[in-house]
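To start, the structure itself, in structure tokens.
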Amino acid sequence: MALLDVKHLTVDFNTDQGVVHAVRDISFSVGESEAVGIVGESGSGKSVTMYSVMGLLAANGGIREGSVVFGGKEITEKAYPSRKAYQAEMSKIRGNEMSMIFQDPMTFLNPVVRIGKQITEVIKNHNKVSDAQAKEQAVALMGQVGIPSPHERFGQYPHEFSGGMRQRIIIAMALANSPRLIIADEPTTALDVTIQAQVLDLIKDMKEKMNSSVIMITHDLGVVASLCDRIIIMYGGKIVEAGDAREIFYQPRHPYTMGLLKCVHNPEKKDKLTPIPGSPPDLLKPPAGCPFVDRCSQAMRICKLRMPEAETYSETHTCSCWLEEAGKRKGENHG
Amino acid sequence: MAEALLTVDHVKTYFDVTKGLFSKKQIVKAVDDVSFSIGEGETYGLVGESGCGKSTLGRTLVQIYPVTGGKIYYKGRDIDTLKKTDRKEFTREVQMIFQDPYASLNPRMTVGEIIKEPMEIHKILDTSQQREERAAELLKLVGLKPDHIRRYPHEFSGGQRQRISIARTLALNPRFIICDEPISALDVSIQAQIINLLKEIQSDLKISYLFVAHDLSMVNYISDRIGVMYLGHLVEEGTADQVYSSPLHPYTRALLSAVPIPDPDVAKARRKIHLEGELPTPLNPPAGCPFKGRCPSATEECGKVRPEMKDYGGHKVACFHAGPSH
């Protein structure tokens, strides 16, 4: 059974300009000890999806429809008698069974609390341990994530750590209670390439050691290529294509996925960069049809009118595009 | 290589960060003894990790920061001793595009005013009417609509804003543009648009670029030559192909092996060189080779003297253990 099962998730935000339909009817699942990448550009809904799974949506946002089942248990607010009961349950899950690694470590860490205290807090929140035991565990964790001389650094403040080291602290906190699911939201965007490589390797090692599942949210296809088993491509609040890593990289079916692959420079291949023209849709007024229609070079009339259904190509590979449908009909007519 | 448009000769940019009146003097050597030159119509990519001094160097070139030592020559003349009219020409012809298009455009000015302002300062074109027409023309050139001229920056996305700042730079008919991480704040699908726009502009207008970035694969794509910086020093320089296909400096090799490749089979098969630790602080940097603390092939020699740049047929490297014979 899948560890996380998201069905027909729809998330809206109320803003001064109107209702933003950030996530529109998406379904996916993540298996035990699987690494899944969610790829999309800013505004595609990838982060909002995971925030709503974690119950961390801003006050003006909410899950309008759909269900999120984690470890066999429904974890959307509607399944609980009150908001308070829901939040009590979520604080038991968050940081314990499910934890998150954020993009910017400096905004996540409290600048006036010592690093050691911030890590032990996570441990003590979910376990009945003494101060000394918590400290011992925290120091061991710091060592595991590659912080040199963890004993001395235990009492230091966040500003005394570099960006890469802070991200390691965040990872240590995320791993503190051996979570079953780790959600990493662009964990390396703020870091240099050399540090990015170190942090990605660390996440990979830790995942294997703890046998956890990982969801990696990113806009960088390079990051997911080496780390993820399965990849979900999001655009304009919808999942447009999903498949295992090889299917997405070598047999992409959606024009957006193909475009995305063509506009990252692969130095091994030396192809010319072909950008995707235009910019993402405005989710205040999401298009009725395919969200990618305005930027798609092969758009047809139907693309503007109706969202295509997801077509299944293999056990893992699905894609929502009218082109496939059109291709099939053509084949039938000619055959 | 074409005749050098800009020559950087042993340039140093130091910052005094001494705290208090009687404390020991503390100097950050952000750029320490860097030399290179850029030809007409050439793109020179400058790469390195954050804190290596690449942006400081770019800013030193447009005199945002004063030079501590060394000389910068533009068209063969020292930019520190330029006379009034020459200085005006220099400030017009050498322009800069910044990293964050959300911070580099004044939110209270319309796009038209933003593009017209540099023309007014440099007295390009005679009437406001002509400048307005030119601004509309420039907007079209960078792929926006001429009627965007009356809008404000907040009505545009990140990629469109970066186009506006490119239009603003082009208003002065520059010869040399310093692009300081112009795409790192943008989405992947938009990055390629901006890179291709910069390339098109270059082939139409014959502009030289200094392209500062930490993303090696994009730098390789746009640059003719690449310089690799580490802790204020230039450690390797060569054509984009030389640096990319046969890197000589151990740091460049490590940097290249860390670039994520969008291809699962290649990414899994390739051997990664792990760099231990992080960039040391440029405050009182170590003696000898700046990279020795993280270098897998460091020897005793590296701790004593700083290796000089050696030239191997246009491919230069500052390392005792590098070079075709190694």
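The values are calculated or read from the model by the stated rules, or taken from the named source; none is laboratory data. Here the structure is a predicted model, which means the values were calculated and not measured. Note that we place each Cβ from the backbone using ideal geometry, even for glycine, and neighbour counts take in every protein chain shown.
Assorted remarks:
- Looking only at the range B:266-278, residues that are more than 8 Å from chain A (Cβ to nearest Cβ) and among the hydrophobic types (A, V, I, L, M, F, W, C) come to 2 in all.
- Among the residues listed as B:VAL228, B:VAL219, B:VAL212, B:VAL243, the single one being more than 9 Å from every other protein chain (Cβ to nearest Cβ), more than 30 Å from A:GLY259 (Cβ to Cβ) and crowded, with 23+ Cβ neighbours inside 10 Å: B:VAL228
- Where A:ILE195 falls short, out of the listed (1) crowded, with 23+ Cβ neighbours inside 10 Å; (2) more than 21 Å from B:LEU275 (Cα to Cα); (3) without any contact (Cβ under 8 Å) to a residue 40 or more places away in the chain: (2)
- Scanning the range A:28-45 for residues that are in a loop (DSSP other than H, G, I, E, B) and either farther than 24 Å from B:LEU186 by Cα or modelled with pLDDT of 95 or more (or both) yields A:GLY31, A:GLU32, A:SER33, A:GLU34.
- Test: residue in the range B:190-199 that is buried (at least 16 other Cβ atoms within 10 Å of the Cβ), without any contact (Cβ under 8 Å) to a residue 24 or more places away in the chain, within 14 Å of chain A (Cβ to nearest Cβ) and basic (Lys, Arg): yes
- Exactly one residue out of A:LYS272, A:LYS207 is part of a helix (DSSP H, G or I), among the basic types (Lys, Arg) and more than 8 Å from every other protein chain (Cβ to nearest Cβ), and it is A:LYS207.
- Contacts under 8 angstrom Cβ, first residue in the range A:129-147 being at negative phi and in contact (Cβ under 8 Å) with a residue 12 or more places away in the chain, partner surrounded by fewer than 18 Cβ atoms within 10 Å (Cβ to Cβ) and among the β-branched types (Val, Ile, Thr), 6 or more apart: A:GLN137/A:VAL129
- Total residues in the range A:71-109, condition out of contact with any Phe, Trp or Tyr (no Cβ under 9 Å at 6 or more places or on another chain), outside any helix (DSSP H, G or I) and under 19 Å from A:HIS159 (Cβ atoms): 2
- Residue list for the range B:247-267, restricted to those being at pLDDT 90 or above and over 19 Å from A:LEU191 (Cα atoms): B:PRO247, B:LEU248, B:HIS249, B:PRO250
- Total residues in the range A:163-183 satisfying the condition of being surrounded by 19 or more Cβ atoms within 10 Å (Cβ to Cβ), over 16 Å from A:THR120 (Cα atoms) and either within 14 Å of chain B (Cβ to nearest Cβ) or modelled with pLDDT under 90 (or both): the figure is 3.
- Considering A:ARG306, A:ARG253, the condition of being over 26 Å from B:ASP215 (Cβ atoms), touching a strand residue (DSSP E or B) at 6+ places or on another chain (Cβ under 8 Å) and modelled with pLDDT of 90 or more is satisfied by A:ARG253 alone.
- A:LEU284 being buried (at least 21 other Cβ atoms within 10 Å of the Cβ), touching a residue at least 40 places away in the same chain (Cβ under 8 Å) and either outside any loop (DSSP other than H, G, I, E, B) or at negative phi (or both): no
- Any hit, the range A:31-46, residues being without any contact (Cβ under 8 Å) to a residue 60 or more places away in the chain and hydroxyl-bearing (Ser, Thr, Tyr): no
- Checking A:ASP25 against (1) closer than 30 Å to A:MET210 by Cα; (2) part of a strand (DSSP E or B), the condition it does not meet: (1)
- Checked against (1) modelled with pLDDT of 90 or more; (2) touching a strand residue (DSSP E or B) at 6+ places or on another chain (Cβ under 7 Å); (3) outside any helix (DSSP H, G or I), B:CYS52 meets all criteria but (1).
- Qualifying helices (runs of 4 or more DSSP H) (wholly inside the range B:210-326; at least 1 residues being of a type in the set (D, E, K, R)): B:240-245, B:250-258, B:264-269, B:300-304
- Filtered by the rule that a residue be hydrophobic (A, V, I, L, M, F, W, C) and either without any contact (Cβ under 8 Å) to a residue 12 or more places away in the chain or outside any strand (DSSP E or B) (or both), the range A:1-22 gives A:MET1, A:ALA2, A:LEU3.
- Residue pairs meeting the criteria (Cβ under 7 Å; at least 6 apart or on separate chains; first within 14 Å of chain A (Cβ to nearest Cβ) and surrounded by fewer than 24 Cβ atoms within 10 Å (Cβ to Cβ), in the range B:44-61; second modelled with pLDDT of 90 or more and assigned to a helix (DSSP H, G or I)): none
- All positions within the range A:212-226 that are more than 9 Å from chain B (Cβ to nearest Cβ) and either part of a strand (DSSP E or B) or not small (Gly, Ala, Ser) (or both): A:SER213, A:VAL214, A:ILE215, A:MET216, A:ILE217, A:THR218
- The residues of the range B:55-89 that are assigned to a helix (DSSP H, G or I) and among the basic types (Lys, Arg), listed by number, are B:ARG59, B:LYS84, B:ARG87, B:LYS88.
- Residue selected from the range A:85-98 under the condition farther than 14 Å from A:GLY71 by Cα and under 20 Å from the mean Cα position of the chain (by Cα), by the criterion surrounded by the most Cβ atoms within 10 Å (Cβ to Cβ): A:GLY95
- Any chance B:THR81 is touching a strand residue (DSSP E or B) at 6+ places or on another chain (Cβ under 6 Å) and polar (S, T, N, Q): no
- Scanning the range B:17-28 turns up at least one residue that is in a strand (DSSP E or B), within 28 Å of A:ILE195 (Cα to Cα) and touching a residue at least 60 places away in the same chain (Cβ under 8 Å).
- Of residues in the range B:246-265 being within 21 Å of the chain's Cα centre (by Cα) and of a type outside the set (A, V, I, L, M), the one farthest from the other protein chains (Cβ to nearest Cβ): B:HIS249
- Scanning the range B:141-181 for residues that are within 14 Å of chain A (Cβ to nearest Cβ) and either outside any loop (DSSP other than H, G, I, E, B) or within 18 Å of the chain's Cα centre (by Cα) (or both) yields B:HIS148, B:HIS154, B:GLU155, B:GLY158, B:GLY159, B:GLN160, B:ARG161, B:GLN162, B:ARG163, B:ILE164, B:GLU181.
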